[in-house]
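Here the structure is laid out as structure tokens; the discussion comes afterwards.
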Amino acid sequence: MKAFNRRSFLQGSLAAGAAVGALSFGTGSARAAETRMRMTWWGSQDRAKRTLGVADLYKQKAPDVTIVGEPISGDAYWTKLSTQMAGRNISDIFQLEPGTISDYSRRGATMPLDGFIPKPLNVEAFGTKVLDLCKVDGKIHGIGLGLNSFSMFWDTAVFTKAGLPAPTTETTWAQFAELSVELTKAVGKDQFWGAPYGARYASVLDVWLRQRGKALFTAEGPLGFGVEDAKEWYAYWEDLRAKNGTVTPDVQSQEQNIIETNPLSRGNSAMGFTYSNQLVGYQAVMPNKLGITMVPQAGGGAPSGHYYRPALIWSIGATSKNGEAAAAFIDFFVNDIEAGKILGVERGVPMSPKVREAILPQLNETERASVDYVNLLADKVSAYPPPVPKGSQEFDRNVVRRTSDELAFGNLTIDQAAQQLVEQGNAIIKP
């Protein structure tokens, strides 16, 4: 896959926690020729504003098309999607990400897009390798909206006040642990710790395993690690929690996989694990400037564990009666320069070379930092892994998060947690 270094770059939710909100773009009663499409996504208020801004812009180009926006908060998104699938009423356009596209496409939720390429979906300039990021079983089931990778954010003001060095791309897991404990002590504030309880993040576990030559999943389906690996993983976080380096389980368990509930954004930790494109969203809700770097490293020449990902993905609902119209809107979303200026890099570094080039001059400091980070990884990333297997989302939500919570609350020992993670994971994951 082509690296997005700076040279190639130059060339080349309504309310969080609220129920579904519908915003319709139209000027009057529906006409007979009007096409009405539903578009669903999750994310922050900033993402909702940008997304609906592009829909409004598209209305000017296609006045006979009405887009009904349906932003849904956090895990409620997946519950709603499952309900829509059961009722064969999936939104015309809906958002997925790398960990869910293979699962939902294989469950019949998505419409293959190959027949819409190159017209009306003109994405050939993205390159074959980029399009392959959303290919499942030989068919393209979505269009990536931007590139990102795993990352760690930190509150620069907290580090400055504590007089401690900020984490870097060279920070090891041992150094991260030491820094987390020192931060908690230096800040000395109630309900504030150096780091989150990272055992709860499947994405961070994925990086940690790849640094050791393993992976979260295998290409065939089962987990790519065993009980002994899980024991080592849990022992690290339990040791760090015991030293008061991480947030307490009651704080960590409140995270609902959205920006507003992360310990970093809630003011409970100095550092946080998330994806690089979310720097824009986090900065929008935090008063202090954020820094961004890689997830802690194994050191000793080990792989970084990072790889480029399609940050987010637009797919077309398998039951949509407006496939071609939906494809035309996605084409506008990813290729139109004015749309790109509205979207910025909140969903990742744009895939379109012309959009990347056009928006670069207008990026603010935070957006540039997001782009610089993606460029920095160019010689550090490994190959993109095979599509994640069916059941990966359930594994994340109902096994990884739940098991780490039970461990942190003292309801499981490290050995029991490791056994549960692997046994239940292998029972859920399907080839």
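A few points about this structure:
- Net lengthening on full extension, residue 319/residue 248 (0.36 nm per residue, minus Cα-Cα): 21.2 nm
- Relative packing of peptides 311-320, 369-378, 154-163 - highest average C-beta neighbours within 10 Å first: 311-320, 369-378, 154-163
- Working from label points 7 Å from Cα in the Cα-to-Cβ sense, the residue 239 to residue 413 distance is 1.8 nm.
- Helix-only arithmetic for the chain: the sum of -39500 (n - 2.57) across DSSP H runs with n ≥ 4, divided by the residue total, places the mean residue ellipticity at 222 nm at -11000 deg cm²/dmol.
- Sites residue 227 and residue 302 - FRET efficiency at Förster radius 30 Å, r taken between beta-carbons, to 0.05: 0.90
- Rg followed by Dmax, in Å, when the chain is reduced to its Cα trace: 21.3, 67
- Straight Cα distances below 20 angstrom link residue 231 to the lysines 214, 243, with same-chain residues fewer than 8 positions distant left out.
- Normalising the Debye intensity of the range 335-418 to I(0), with uniform scatterers on Cα atoms only, and taking log10 at q = 0.23, 0.25, 0.26 Å⁻¹ returns -1.00, -1.08, -1.13.
- Taking a ≥ b ≥ c as the square roots of the eigenvalues of the alpha-carbon gyration tensor, the range 297-376 is classed oblate because a/c is 1.5 or more while a/b is no larger than b/c.
- Extension gain from residue 189 to residue 261, taking 0.36 nm per residue of separation minus the Cα-Cα distance: 24.0 nm
- Under the simplified labelling scheme, the residue 372-residue 89 pair shows an inter-label distance of 4.8 nm, with each label point 7 Å from Cα along Cα→Cβ.
- Simple label model, 7 Å out from Cα along Cβ direction - residue 406 to residue 427, nm: 0.9 nm
- Positive-pole candidate from 191, 171, 118, dipole of the range 75-209, charges at beta carbon: 118
Throughout, read-outs are computed from the coordinates displayed, never taken from laboratory work. Everything quoted here is computed from the prediction, not taken from an experiment. Reconstructed Cβ throughout: ideal geometry from the backbone, glycine too, with neighbour counts over all protein chains shown.
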